Amino acid sequence: MPMSWILVLAAVVAGWIVQLMLSYRQSSAFNLAVRELRRSGTVSVGSAGRRYRGGRAFVALAVDDHGIVRDALSLSGWTTFARPRSVPWLVGLKVNQVRGDRDLPQLSHRLREAAREASTYYKRGAGAAAPVAV
């Protein structure tokens, strides 16, 4: 095997290892932020978008016992350098408003869809845990 092929292979492996490390850092930062959201209420996470067509977006909602969003954060972008950010436009809305078709002009289409998915997951989980009257 010529030396040039070994150098190319070594560069590819090194790039892959760096990408894995950066992805790990990104997911750790998001998970830490989601854990901190738990102080504000029940947390639900939704995602939207496509990996190679504009990137993916994740939205985490912290919902109180009355179904009101008390805190929200997002993670979106193409690269492993994206970090969790607060989404103040969702705070104070009822979960049903987030689930609905109401336009939220402050949010991109991907963030809106991810928030809708997170609120749907919340409603499914809350409905499954509701007590049954006998």
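Values in this text are rule-based calculations from the coordinates and carry no lab data. Model, not experiment: these values are computed from the prediction. Every residue, glycine among them, receives a Cβ derived from its backbone with ideal geometry; neighbour counts consider all protein chains shown.
Before moving on, here are some points about what is shown:
- Residues in the stretch 3-48 that are small (G, A, S) and under 18 Å from G77 (Cα atoms): S23, S27, S28, A29, A33, G46, S47, A48.
- Residues of the stretch 63-72 classified as surrounded by 23 or more Cβ atoms within 10 Å (Cβ to Cβ) and within 14 Å of the chain's Cα centre (by Cα), total: 1
- Residue that is farthest from A118 (Cα to Cα), among those in the stretch 1-56 that are of a type in the set (G, A, S), assigned to a helix (DSSP H, G or I) and within 20 Å of the chain's Cα centre (by Cα): S23
- Filter pass, A10 being surrounded by 11 or more Cβ atoms within 10 Å (Cβ to Cβ) and without any contact (Cβ under 8 Å) to a residue 60 or more places away in the chain: no
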